[in-house]
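A.B. asks: Please find one structure pasted underneath; my questions will follow.
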Amino acid sequence: MIVAAGLAFGAQAPAQAAPTPPGVGISDGGGLLWSTDAELDTTVQFVTAIGVKSMRIAIPWSTVEPIQGQPNWAPVDRVVNKLRAANISMLGIIAYTPAWATSPVNQPINTRPASPAAFGDFAGKVAARYKGKVADYEIWNEPNGVAFYGPQPDAAGYTALLKAAYPKIKAADSAATVIGGVLGATEDYWGNINPVTFATQMYAAGAKGYFDAFSYHPYQYSLKFSEGPYVDHSPARQILDIRNLMVAKGDGSKTIWATEYGVPTSAVSYDQQNAMIVDFVQKWRELPYTGPIFLYTLRDKVTGSSDPEDTFGLLETNWGAKTALWGLMGLLQQGIPRTAEYNRFAAAPNSWGAVLGPVFPVRDTWAQYRQDAVLYEMPSGFVAVPRAVAEAVRYTGYLPTTSFNGTYQDFDSPVGLRVFSTAIGGTHNIGGGIFAAWDPTLGPATSDELPQPGGGVKVTFQYGSISWAPWVGTTVTR
């Protein structure tokens, strides 16, 4: 949000709500609704001093209308009006069901509404009430996890909420941005659905056309975001897959927002929290299709607790600064500077399609996912590895020693590694003695190294095979 020079704190805000700026905001998650006036004032002062210009706030249906037909907007009004007076833009989370609106009644607030239409009506009332104050709205929070969407995650059920809320919000405030998905980083296990799977199911249920942007929460406490592109199920890989899905479904023009990201200091040190947040902010911004970041959260619930949920803050409970607060302020004061490795990759020839991922470390160099290849920075210059070849070799950590010649590409394994990739034979890693015995007359590989009875392995090629066995060595059959 651009603030006019000289606009004093508490001055009359413009009538039009400011859209969320593309930088870094703070995600509150609901605590401000129950804060004292002094705590709310202190929050605003800190957010403003840090240089943050946006906040993600809760607008729970369960809080506003605990008794059917008797809405109480005062808790949300207090927060919205305070932030708007301070020229802080807002992303509102419309979620959580009053006990009377669950099925059966009197279920927890994370239970999906019995009536999507009733939820949509509430969303429309929210947009009408806060038109000119709140510019952006998210529909629900992490519906791919049972902790926030009960009795169990259900992409079709969530999509029904999205389809009910979207037109009502737009009718009340046509300028509002409606954000769908709001998915948490997780894997498929009891009570949780991988966000890529969930997003795929959303499209199958008809979600296209019912959101203006998508959102995702790329939490991971043990790995920097930049270290994830070659790690299975990491947030960096999930965001690539979500992006590819959106492009395939015709939503390539829509952005993906990170509406929650944080690292709890019950799981890492203050310095590690800072390093991971700084890394995330810079690397998220390297993606051309991403939107704003909202860091969760400003202040610990209970500093020193062993519960991660208590220690996500940039500040301790007593308002003392953690290292990450200074790290964030440093980034914002510099306008979130680009990394040196990003600048080098940005100058590389654009022959491999659009950027899909951040520049990430591989052994002692850097790489980046593009639409058609993974680009490696090598001493000889940038070397492109076709996506299929990169997927086949990523677990090894080996680096390319040649360019892809249309059939294969070599890597720096000490025993030799050649990755064949053709439409005829597929993609296969071949190494050791079989790699050494191959010649072009055999054509490309059509199998992996297959174990043989009695020991050894065999690889088939388009025009023959090579076997290797202990004490025998290689045997070429044409």
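A.B. asks: Would you point out the residue of region 372-415, among those that are in contact with a helix residue (DSSP H, G or I) (Cβ under 8 Å, 6 or more places away or on another chain) and not in a strand (DSSP E or B), that is nearest to Ala436 (Cα to Cα)?
C.D. replies: Val415
A.B. asks: Quick check, is Ser174 surrounded by fewer than 17 Cβ atoms within 10 Å (Cβ to Cβ), over 26 Å from Glu309 (Cα atoms) and assigned by TED's automatic domain parsing to the domain that holds Ile94?
C.D. replies: Working: surrounded by fewer than 17 Cβ atoms within 10 Å (Cβ to Cβ): yes; over 26 Å from Glu309 (Cα atoms): yes; assigned by TED's automatic domain parsing to the domain that holds Ile94: yes.
Against the criterion (surrounded by fewer than 17 Cβ atoms within 10 Å (Cβ to Cβ), over 26 Å from Glu309 (Cα atoms) and assigned by TED's automatic domain parsing to the domain that holds Ile94), Ser174 qualifies.
A.B. asks: Name the residue, out of Tyr270, Tyr296, that is closer than 20 Å to Tyr216 by Cβ, in the same structural domain as Lys224 (by TED's automatic domain parsing) and among the aromatic types (Phe, Trp, Tyr). Spell out the reasoning first.
C.D. replies: Details: Tyr270 fails: closer than 20 Å to Tyr216 by Cβ.
Going through Tyr270, Tyr296 in turn, the sole match is Tyr296.
A.B. asks: Tell me, yes or no, whether region 204-219 has at least one residue that is surrounded by fewer than 18 Cβ atoms within 10 Å (Cβ to Cβ), among the small types (Gly, Ala, Ser), closer than 24 Å to Leu287 by Cβ and at pLDDT 95 or above.
C.D. replies: yes
A.B. asks: Continuing with this model, one more query. List the pairs whose first member sits in region 309-325 and is at positive phi, whose second member is hydroxyl-bearing (Ser, Thr, Tyr), and whose Cβ atoms are under 7 Å apart, counting only residues at least 6 apart or on separate chains?
C.D. replies: As it stands, the answer is Trp319/Thr42, since those pairs meet every condition given.
A.B. asks: Now, a different point. Give me a count of the residues in region 38-64 that are assigned to a helix (DSSP H, G or I), among the small types (Gly, Ala, Ser) and buried (at least 18 other Cβ atoms within 10 Å of the Cβ).
C.D. replies: In the first step, residues of region 38-64 are kept if they are assigned to a helix (DSSP H, G or I); the result is 38-50, 61-64.
Then keep just the ones that are among the small types (Gly, Ala, Ser); that gives 38, 49, 62.
Now narrow it down to the ones that are buried (at least 18 other Cβ atoms within 10 Å of the Cβ): 62.
Looking only at that region, the number is 1.
A.B. asks: Within the bounds of region 449-461, is there any residue that is assigned by TED's automatic domain parsing to the domain that holds Arg363, modelled with pLDDT of 95 or more and in a loop (DSSP other than H, G, I, E, B)?
C.D. replies: Scanning region 449-461, I find no residue that is assigned by TED's automatic domain parsing to the domain that holds Arg363, modelled with pLDDT of 95 or more and in a loop (DSSP other than H, G, I, E, B), so the answer is no.
A.B. asks: How about region 219-260: which of its residues are under 18 Å from Asn144 (Cβ atoms), within 14 Å of the chain's Cα centre (by Cα) and assigned to a loop (DSSP other than H, G, I, E, B)?
C.D. replies: Selection gives Tyr219, Gln220, His233, Ser234.
A.B. asks: Would you check which residues across region 24-37 are modelled with pLDDT of 90 or more and either within 26 Å of the chain's Cα centre (by Cα) or surrounded by fewer than 16 Cβ atoms within 10 Å (Cβ to Cβ) (or both) and list them?
C.D. replies: The initial filter retains those residues of region 24-37 that are modelled with pLDDT of 90 or more, namely 24-28, 31-37.
If the condition is that a residue be modelled with pLDDT of 90 or more and either within 26 Å of the chain's Cα centre (by Cα) or surrounded by fewer than 16 Cβ atoms within 10 Å (Cβ to Cβ) (or both), then Val24, Gly25, Ile26, Ser27, Asp28, Gly31, Leu32, Trp34, Thr36, Asp37 are the ones that fit.
A.B. asks: OK, next. Could you figure out which of (1) out of contact with any helix residue (DSSP H, G or I) (no Cβ under 9 Å at 6 or more places or on another chain); (2) among the hydroxyl-bearing types (Ser, Thr, Tyr); (3) assigned to a loop (DSSP other than H, G, I, E, B) isn't true of Thr186?
C.D. replies: Among (1) out of contact with any helix residue (DSSP H, G or I) (no Cβ under 9 Å at 6 or more places or on another chain); (2) among the hydroxyl-bearing types (Ser, Thr, Tyr); (3) assigned to a loop (DSSP other than H, G, I, E, B), Thr186 violates only (1).
A.B. asks: Asp439 fails exactly one of the following numbered conditions: (1) surrounded by 18 or more Cβ atoms within 10 Å (Cβ to Cβ); (2) over 42 Å from the mean Cα position of the chain (by Cα). What is the number of that condition?
C.D. replies: Among (1) surrounded by 18 or more Cβ atoms within 10 Å (Cβ to Cβ); (2) over 42 Å from the mean Cα position of the chain (by Cα), Asp439 violates only (1).
A.B. asks: Look through region 97-115, keep the residues that are assigned to a loop (DSSP other than H, G, I, E, B) and in contact (Cβ under 8 Å) with a residue 40 or more places away in the chain, and return whichever of them is farthest from Gly291 (Cα to Cα). Give the derivation first.
C.D. replies: Quick first cut of region 97-115, residues assigned to a loop (DSSP other than H, G, I, E, B) only: 97-98, 103-110, 112, 114-115.
This time we only want the ones that are in contact (Cβ under 8 Å) with a residue 40 or more places away in the chain, so: 107-110, 112.
Values: Gln107: 35, Pro108: 32, Ile109: 29, Asn110: 27, Arg112: 27 Å.
Selected residue: Gln107.
A.B. asks: Is there a residue in region 308-320 that is among the acidic types (Asp, Glu), assigned to a helix (DSSP H, G or I) and closer than 30 Å to Pro400 by Cβ?
C.D. replies: As a first pass, look at region 308-320 and keep what is among the acidic types (Asp, Glu): 309-310, 316.
Right, trim to assigned to a helix (DSSP H, G or I) and you get 309-310.
Restricting the remaining residues to those that are closer than 30 Å to Pro400 by Cβ gives none.
No, region 308-320 contains no residue that is among the acidic types (Asp, Glu), assigned to a helix (DSSP H, G or I) and closer than 30 Å to Pro400 by Cβ.
A.B. asks: Would you check which residues across region 261-290 are in a loop (DSSP other than H, G, I, E, B), surrounded by 21 or more Cβ atoms within 10 Å (Cβ to Cβ) and of a type in the set (A, V, I, L, M, F, W, C) and list them?
C.D. replies: Once the filter is applied, which keeps residues that are in a loop (DSSP other than H, G, I, E, B), surrounded by 21 or more Cβ atoms within 10 Å (Cβ to Cβ) and of a type in the set (A, V, I, L, M, F, W, C), region 261-290 yields only Val263.
A.B. asks: Kindly indicate which of Ile88, Ile94, Ile67 is of a type in the set (Val, Ile, Thr), crowded, with 22+ Cβ neighbours inside 10 Å, at pLDDT 95 or above and closer than 27 Å to Pro167 by Cβ. Reasoning before the result, please.
C.D. replies: Working: Ile88 fails: closer than 27 Å to Pro167 by Cβ; Ile67 fails: crowded, with 22+ Cβ neighbours inside 10 Å.
When all the criteria are applied, what remains is Ile94.
A.B. asks: Among the numbered criteria (1) in contact with an Asp or Glu (Cβ under 9 Å, 6 or more places away or on another chain); (2) among the basic types (Lys, Arg); (3) under 30 Å from Ala267 (Cβ atoms), which single criterion is violated by Arg418?
C.D. replies: Looking at each condition in turn, Arg418 falls short on (3).
The values are calculated or read from the model by the stated rules, or taken from the named source; none is laboratory data. Computed from a predicted model, the values in this text were never measured in an experiment. Cβ atoms come from the backbone with ideal geometry, glycine included; neighbour counts cover every protein chain shown.
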